């Protein structure tokens, strides 16, 4: 009986999470221009920054062309930029009264938070498709094995869950759009530059290497780099990468679920 009850509770939780994700995903049909415009920045990084720094010798990329080394970092950056600003939508929902309806429903707070986080992941996956296409045009050797593609999808979804939930926590604490945008702008570039997205950690001073090791983005980039590229390797180990992303995701979803009602206050 206990096993049946646990299965039923888990199935109910998953079903409610998917319902929230599906509700959020419907918005994608009405925002094609926004999705395409978000692809401009990563395209510029690859086409301009990547093409220039490919000509710079001496960057230790593990035998990969720099443009190949950079591509997974830009894919993770694109997911980060989408996810970290997702909290602004939570504040809009509060102002429109939607948050109160969610809170009045029997849906567990964890399912609400996780469903919204996964919807941010879906947006990031759309950017991933665009970046894959652009990388192929630039001659990046992509590993298209189905299992590796599934691994990249998992890494994108986990990374988006981490940073969109972190964004929700910020929105719950600051409550106003202006304060949220200010804090997000302050955080996003340290997260990006204090990671292995655009250069290997071996080039960093020792103190910055410590920060990069504590940065979840480093583990997302490391996983994507190993799975996305022909000849790609994981510096930390794929098991470590996914374990860190999963652990941080679970912790932030729990914290976000506790703070989510504060968005409405």
Restricting attention to segment 35-93, which residues are outside any helix (DSSP H, G or I) and touching a strand residue (DSSP E or B) at 6+ places or on another chain (Cβ under 8 Å)? 64
Scanning for something within 23 Å of residue 11 (Cα to Cα), surrounded by 17 or more Cβ atoms within 10 Å (Cβ to Cβ) and free of Cβ contacts under 8 Å to residues at least 40 places away in the same chain, does segment 148-162 turn up at least one residue? yes
Restricting to segment 200-223, give me the number of residues that are part of a loop (DSSP other than H, G, I, E, B) and surrounded by 19 or more Cβ atoms within 10 Å (Cβ to Cβ). 1
Inspect segment 86-94 for any residue being under 18 Å from residue 134 (Cβ atoms) and at pLDDT 75 or above and give the result as yes or no. no
Which condition from (1) at pLDDT 95 or above; (2) under 20 Å from residue 174 (Cβ atoms) is the one that residue 253 breaks? (1)
Output yes when any residue across segment 241-264 is surrounded by fewer than 15 Cβ atoms within 10 Å (Cβ to Cβ), over 16 Å from the mean Cα position of the chain (by Cα) and either free of Cβ contacts under 8 Å to residues at least 24 places away in the same chain or assigned to a loop (DSSP other than H, G, I, E, B) (or both), and no when none is. no
Output yes when any residue across segment 4-21 is at pLDDT 70 or above, surrounded by fewer than 14 Cβ atoms within 10 Å (Cβ to Cβ) and within 18 Å of the chain's Cα centre (by Cα), and no when none is. no
Scan segment 108-150 residue by residue and report those that are out of contact with any helix residue (DSSP H, G or I) (no Cβ under 8 Å at 6 or more places or on another chain) and not in a helix (DSSP H, G or I). 144, 145
Have a look at 203, 147, 125, 208 and point out the one that is under 20 Å from residue 225 (Cα atoms) and at pLDDT 90 or above. 147
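The values are calculated or read from the model by the stated rules, or taken from the named source; none is laboratory data. All figures in this text were calculated on a predicted structure; none of them were measured in a lab. Methodologically, a virtual Cβ is constructed for each residue, glycine included, from the backbone with ideal geometry; neighbour enumeration extends over all protein chains shown.
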